[in-house]
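I'd like to ask some things about the structure below.
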Amino acid sequence: MLGQTIWWSCIALETFLLVRGFAGRLWARYPVFYAYISFVWLQSLLRFSIFHLRPQQYKPVYWITEGLGVLAGCAVVFEIYRVGLAAYPGTARMARNLLGFVSVLALTKALVDTWNDPQWWLIATTMDLERLLRTVQSFAILALVVLFLFYAIPFGRNLRGILLGYGVFVGLSVIQLTFVTDSSSRFHNFWSYASPGSYFIVLGVWMVHLWSYVPNPEPKTAVRLEEQYQRVAAATAQRLREARGYLAKAVRS
């Protein structure tokens, strides 16, 4: 009964969050985030319907939608970087490329594991993929926070809410996928309520911080992040040119 109550409460908060996003015109500012919430909302309704109407199909539906949700969550992290580093396009581009590269590596590993053990492709592979991508997301969020704190870049109210809520959600997901994967574990029953309960709190954080649009404030002091990126990019390009020169000489010789 408690699980059903939490489930429906989360769906209600998701609905309210989406409606408020339309009313406050936040969809245009954070389209990926609200598309993600829309997906999770539809996912929750689909799972609830399957659970009661066709329970024998619930497990495959759950794991398929879970895998799609993990991939959608990667897009949320990309949008966090896009918004947070909007004033630093070079740094943002480098960060997105790095995140994309690491995410592709994680996805490739999951596909290789699927090929090697196709009998467990749905559950085992989805769990491995989710664990890998959630871990990548958690490090990406932590890196952005450290970057902002180091350069004293202020967080806007909206961005802070998205970052805080999604960071908590991803962090708890990593803990669950790492330590509470066995259904016979003594923590499994506790986590079956703690996980949706924590998500309810995350939705509350989003509701408070995304009630209306608040632009990111300008930093009070000059930030040389982009200048440092340009210097690093120029030095890297110079080394690549030198390496190509050495390679060309080696080929000719």
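Considering only residues that are in contact with a helix residue (DSSP H, G or I) (Cβ under 6 Å, 6 or more places away or on another chain) and at pLDDT below 75, look in the stretch 81-91 and name the one that is nearest to Ile141 (Cα to Cα).
So, considering only residues that are in contact with a helix residue (DSSP H, G or I) (Cβ under 6 Å, 6 or more places away or on another chain) and at pLDDT below 75, the one nearest to Ile141 (Cα to Cα) is Thr91.
Can you name the condition, by its number, that Leu26 falls short on among (1) part of a helix (DSSP H, G or I); (2) closer than 21 Å to Val168 by Cβ?
(1)
Considering only residues that are surrounded by fewer than 17 Cβ atoms within 10 Å (Cβ to Cβ), at pLDDT below 80 and in contact with a helix residue (DSSP H, G or I) (Cβ under 6 Å, 6 or more places away or on another chain), which ones fall in the stretch 135-182?
Tyr151, Leu177
Which count do you get for residues in the stretch 183-204 that are within 27 Å of Leu26 (Cα to Cα) and either outside any helix (DSSP H, G or I) or at pLDDT 95 or above (or both)?
0
Test of understanding: among Arg29, Arg54, Arg47, which residue is surrounded by 15 or more Cβ atoms within 10 Å (Cβ to Cβ), in the same structural domain as Arg96 (by TED's automatic domain parsing), of a type outside the set (Phe, Trp, Tyr) and at pLDDT below 90? Lay out the reasoning, then the answer.
Values: Arg29 fails: at pLDDT below 90; Arg54 fails: surrounded by 15 or more Cβ atoms within 10 Å (Cβ to Cβ).
Matching residue, one of Arg29, Arg54, Arg47: Arg47.
The values are calculated or read from the model by the stated rules, or taken from the named source; none is laboratory data. The structure displayed is predicted, hence computed values, not measured ones. Positions of Cβ are generated from backbone atoms using ideal geometry, with glycine treated the same way; all protein chains shown enter the neighbour counts.
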